[in-house]
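Below is one structure, written out as C-alpha cells; the observations come after it.
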Amino acid sequence: MTDKEFIKITDLTRKFKDNIALDSINLTIQEGELFGLVGPDGAGKTTLLRTLAGLLGISSGEVREAGCDLRKNSEAVKSKIGYMAQEFSLYGKLSVLENLQFFGEMYDVPPGLQKERIPGLLAFAQLTDFTNRRAAKLSGGMKKKLALACTLLHQPPILLLDEPTTGVDPVSRREFWNILNDLHLDGTTIIVSTPYMDEADRCSRVGLIYQGRIAVCDSPKNIRQKIEGEFIKIVTNDWQKAREIIHPLKGVLEVQSYGEALHILVDSSTKRLGQIQKALRKNKLEIMEIRVIKPRMEEAFISLIRKIGQTN
Amino acid sequence: MSFRHLWAVIRKELLHILRDRGTFLLVLVTPTLVLLLMTYSLAVKIQHVPIALLDYDQSPTSREFMHQITAGDDLDLYENAASMEQIEDLLIKGKIKAAIIIGPEFSKDLLAMRGLSLQIIIDGTEPETGGFAVDHIGWRAESFANDILADQILTSGISLDSLEPIDLRIRSWYNPSLEPRIDIVPGLLSIVLGFPAFSVALTLAREHEHSTMEQLLATPISRIELLLGKMIPYILAGMVNVIVIPLIALAWFDVPFNGSFLEFLLLSAIFLFAELSMGMVIGVFMKSQSAALALSFLVVLFPGFFLTGIFFPIAALPEMARMESLFLPGTHYAIITRGVFLTGIGMDTLWPYAIMLVILGAAFTGTAALFFKKKLA
C-alpha cells in the first residue's frame, strides 16, 4: 500500500443472514479523490458506506483507511472519518450551534478550535442566520448542510456521504456540490453516493455498484466511452408506439425513454438515422425532433446495468 | 473514559429532558401525579356501606339494636325491608352491600341469654366491602349483646371485674393509628421514584428511531461514555423528584419522617443508579420506543407492584418470586424508604440494602455495556 492509496478495500464481503449485501469488493481510492458511488436501490451503496464508517461488521476481507485496519481498530478509524447518514440524523431539539458543538465534542475538537471553526462552517453552510434555530425547524436543504457541517468540524481526511442531496431542491443541490468541490480542492478524500447522474459526472471517479459488486469503476469520461455505439434522441407524438416500432429495427441496441423523448442506442448513427425516420413515417408518426446526442452518465449507467443483467 | 464525551452526552440529554414535553412530563411530573392518585385510591377507608334490615322481631330491643348498628360512619341504613324478596332485589340492583335479618325470637333469646338469632347476607361479588360489613356488624352486635348481658349481670349482683380475665390491648408501633396511608406512601415512593427508568429505556430506542444513532455510532465515543452519559441526566432529574416528592408526602399526607434526610438522598441516588441501570438494559435490547416501553411495564412496573413487598409481604411469595424480588432494586429501596420515614433507622442499619443496590446497579450497567454494540447490525 502506497501513501497515495488512502482507502484500500480487499475482497470485502458483508452478509446479512443469507443475503450477501457486499460480494468480495475490491476498490482502491487515492488520497484526495472525489469518488462517486452509483447504483440502483438496494445495490449495496449504503452498506458499503456504513461498513467504511465502521458501523457494520465485516464478514470477510480487509479494509484499510488512512493507514488503519478497520477490522482491528474501527474506533481509531472513526476519528479520521466524517460520515453523513442518508436520513437526517441530528438532534431536532438542539439548535444548529448546539448540534455543531455536540459533534465537536464527540470528535475531541478542543473548545478553542471549535470557536475558531464554527463561524466559518456556519458561513460556508449558509446557516449563520439560523445559528440558534432548533435543527428540527430547518428546511430539508439546511438540514443536509448542517449535517455536513457537523461532519466537517474535526476536519476529517476522509468524508463518507450517503446520498447527501436526496430530497433537496436543485438550488440547494448545486450549493451543496460547490461545497464538496471546495473540500475536494482542499485535498479531502470524499466518497459520495448519489442517485443523480449529473452529480456522478462531477466526480473524479465513479464506481457502479450492482448486486453487491463493483461492476464498473472509472472516470465519468471513460464510463461514457464504454458505450459502444451512438445515441439518437427522438421526440414523437406517441412515444410508446414509436418505441414498439424502433425496438425491433436492425442495428438498434437499446431504447431508453425519458418522458416524451426516446434515447436510442444504435451501432452507427449515419446508418440508422434514415432508417428510423422511414419506419416512423410509414406508421404515420409525427417526428418533432431527431438528432444525435452525446451519451450522458445516465444513458451510460442504464446501458451498463442492462448489459450486466444480460450477461448474468 | 473521556469526560468531555461524557459531559457532552449529559448536556445534550439534559437539554432534551427540558425541551421535549413528553420526556419532561414523564420524568418530572408523572411521579408526583401517580403518587397522589395511587395514595388516594389505594388508601381509601371503606365508609358508608349501604345495608338493609329485615326485622321479624319488631321489638324495642331490635329497634335499639338497629339504631346502634348504624350509629357510626361505617354502615348506613338504606332501607327497612319488608320481605326477603325485597332484600334480594336490592342486592341484585347493587343498592345495598349487606342485609341483616333479625329473627322473630331476637329479643326473647337475648334477654334469656340464649345468644343472638341474627342472619347477615353479603354481596359476595365485592368481598372487600362484604367482609367489612360482616366485621363491623359483628363488632357492633357483640358490644350490643355485651351491654345487655352486663345489665343482666349487674342486676343479678355479680362484679364485672371478675368476668374479664384477659385485658388485651394491641398497640401498633411506628404507625400508632394504623392509618393505611402512612404505610403506603413510603412504599409507593419506591415505585414512583423509579419512573425515570422508563425514559432511560426509551432513550436509546429514540436515537434508533430518529436515526441519530447512526451518526452517533460513527463518532469515536465509547460505549460506557454513551451509556453513562444517557443515564446520569435521568439520575439528576430523578433526584429532583427525590427532594420534591417526600416534601409533598410530608405536607399532604402527614407522613412522618424520622430518619436523616441526607442519608435518604444518598440512598435514593444509589437506588436511582440501580433502577435506571435496569431501564438501560431494556434500552439496549429494544430498537423501538414502543417495544421498550412495553417491556419496561413488564419488567419494571408490574414486578415493582407485586414483588417488592409493598402490598404483599415477600415472605408470602412463592420461592421463585422471592428470588426475583431480590433482583429488583425496588425491593431493597422499599425497605429503605419505610425505614427512613417510619422507624427512623439510618445507614448503620440499612447499609446491607445500599450495598445490594450498588451491586445490582453495577451488574445491570455491566450487562448493558456488554450487550450494547457500536454497530448498526
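Scanning region A:184-239 for residues that are without any contact (Cβ under 8 Å) to a residue 12 or more places away in the chain and crowded, with 18+ Cβ neighbours inside 10 Å returns no hits.
Considering region A:251-264, the residues that are part of a strand (DSSP E or B) and under 24 Å from the mean Cα position of the chain (by Cα) include one that is modelled with the highest pLDDT, namely A:His263. Within region A:150-194, being polar (S, T, N, Q) and in a helix (DSSP H, G or I) holds for A:Thr151, A:Ser172, A:Asn178, A:Asn181. Within the bounds of region B:276-299, is there any residue that is within 14 Å of chain A (Cβ to nearest Cβ), basic (Lys, Arg) and not in a helix (DSSP H, G or I)? No, because not a single residue in region B:276-299 is within 14 Å of chain A (Cβ to nearest Cβ), basic (Lys, Arg) and not in a helix (DSSP H, G or I).
Let's see how each residue does on (1) touching an Asp or Glu at 6+ places or on another chain (Cβ under 9 Å); (2) modelled with pLDDT under 95:
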{"residue": "B:Leu247", "(1), (2)": "no, yes"}
{"residue": "B:Ala251", "(1), (2)": "no, yes"}
{"residue": "B:Phe271", "(1), (2)": "no, no"}
{"residue": "B:Ser288", "(1), (2)": "yes, yes"}
{"residue": "B:Pro303", "(1), (2)": "yes, yes"}
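Where residues in region B:61-96 are of a type in the set (Ser, Thr, Tyr) and within 36 Å of the chain's Cα centre (by Cα), which of them is farthest from B:Gly124 (Cα to Cα)? By that ranking, first place goes to B:Thr70. Within region B:40-60, the set of residues being touching a residue at least 60 places away in the same chain (Cβ under 8 Å) and either under 20 Å from the mean Cα position of the chain (by Cα) or in a helix (DSSP H, G or I) (or both) comprises B:Leu42, B:Ala43, B:Lys45, B:Ile46. Here B:Asn241 meets each of (1) part of a helix (DSSP H, G or I); (2) within 14 Å of another protein chain (Cβ to nearest Cβ); (3) of a type in the set (S, T, N, Q) with one exception, condition (2). When you scan region A:58-110, how many residues do you find that are farther than 30 Å from A:Asn26 by Cα and hydrophobic (A, V, I, L, M, F, W, C)? Looking only at that region, the number is 9. The condition (being among the aromatic types (Phe, Trp, Tyr) and in contact with a helix residue (DSSP H, G or I) (Cβ under 7 Å, 6 or more places away or on another chain)) is satisfied by just one residue among A:Tyr210, A:Tyr196: A:Tyr210. Of all the listed residues (B:Ala99, B:Ala112), the sole one being of a type in the set (A, V, I, L, M, F, W, C) and surrounded by 13 or more Cβ atoms within 10 Å (Cβ to Cβ) is B:Ala99.
Of all residue pairs spaced 6 or more apart or on separate chains, none has beta-carbon atoms under 8 Å together with a first member in region B:1-19 that is free of Cβ contacts under 8 Å to residues at least 40 places away in the same chain and a second member that is of a type in the set (A, V, I, L, M) and assigned to a helix (DSSP H, G or I). The residue list A:Phe130, A:Phe124, A:Phe16 contains one member that is farther than 29 Å from B:Leu6 by Cβ and more than 13 Å from chain B (Cβ to nearest Cβ), which is A:Phe124.
Residues are listed down the side, and each one gets a yes or a no for (1) within 11 Å of chain B (Cβ to nearest Cβ); (2) without any contact (Cβ under 8 Å) to a residue 60 or more places away in the chain; (3) part of a helix (DSSP H, G or I):
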{"site": "A:Ile58", "(1), (2), (3)": "yes, yes, no"}
{"site": "A:Arg64", "(1), (2), (3)": "no, no, no"}
{"site": "A:Ala76", "(1), (2), (3)": "yes, yes, yes"}
{"site": "A:Glu87", "(1), (2), (3)": "yes, yes, no"}
{"site": "A:Leu113", "(1), (2), (3)": "no, yes, yes"}
{"site": "A:Leu148", "(1), (2), (3)": "no, no, yes"}
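Of all residues in region B:1-49, those being away from chain A (no Cβ under 14 Å), among the polar types (S, T, N, Q) and in contact with an Asp or Glu (Cβ under 8 Å, 6 or more places away or on another chain) number 1. Considering the conditions (1) of a type in the set (A, V, I, L, M, F, W, C); (2) outside the structural domain of B:Ile102 (by TED's automatic domain parsing); (3) surrounded by 15 or more Cβ atoms within 10 Å (Cβ to Cβ); (4) at pLDDT below 95, B:Leu54 is excluded by exactly one of them, (2). Residues being more than 20 Å from B:Lys45 (Cα to Cα) and either at pLDDT 80 or above or not acidic (Asp, Glu) (or both) are represented in region B:121-137 by at least one member.
Each row is one residue, and each column tells you yes or no for (1) without any contact (Cβ under 8 Å) to a residue 40 or more places away in the chain; (2) of a type in the set (Phe, Trp, Tyr); (3) exposed (fewer than 12 other Cβ atoms within 10 Å of the Cβ); (4) not assigned by TED's automatic domain parsing to the domain that holds A:Leu208.
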site	(1), (2), (3), (4)
A:Lys241	no, no, no, yes
A:Val252	yes, no, no, yes
A:Val255	yes, no, no, yes
A:Gly274	yes, no, yes, yes
A:Lys282	yes, no, yes, yes
A:Met288	no, no, yes, yes
A:Phe301	no, yes, no, yes
A:Lys307	yes, no, no, yes
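Within region B:326-355, the set of residues being over 16 Å from B:Ala269 (Cα atoms), touching a Phe, Trp or Tyr at 6+ places or on another chain (Cβ under 9 Å) and β-branched (Val, Ile, Thr) comprises just one member, B:Thr343. Taking region B:5-47 on its own, how many of its residues are within 20 Å of A:Leu94 (Cβ to Cβ) and crowded, with 17+ Cβ neighbours inside 10 Å? Count: 15.
If only residues of region A:89-101 that are assigned to a helix (DSSP H, G or I) and touching a residue at least 40 places away in the same chain (Cβ under 8 Å) are counted, the one that is nearest to the other protein chains (Cβ to nearest Cβ) is A:Asn99. Pairing each residue of region B:201-223 that is closer than 25 Å to A:Val77 by Cα and more than 7 Å from every other protein chain (Cβ to nearest Cβ) with any residue that is of a type in the set (D, E, K, R) and in a helix (DSSP H, G or I), provided the two are 6+ apart or on different chains, yields C-beta distances under 9 Å for B:Leu204/B:Lys230; B:Glu207/B:Glu214; B:Glu207/B:Lys230; B:His208/B:Glu214; B:Met213/B:Arg206; B:Met213/B:Glu207; B:Leu216/B:Glu207; B:Ser222/A:Glu75. Of all residues in region B:69-91, those satisfying the criterion of being part of a helix (DSSP H, G or I) and either under 14 Å from B:Ala133 (Cα atoms) or of a type in the set (A, V, I, L, M, F, W, C) (or both) are B:Ile69, B:Met84, B:Ile87, B:Leu90, B:Leu91.
The values are calculated or read from the model by the stated rules, or taken from the named source; none is laboratory data. In this text, all values refer to a predicted model and were calculated from it rather than measured experimentally. Cβ coordinates were reconstructed from backbone atoms using ideal geometry, including for glycine residues, and neighbour counts include every protein chain displayed.
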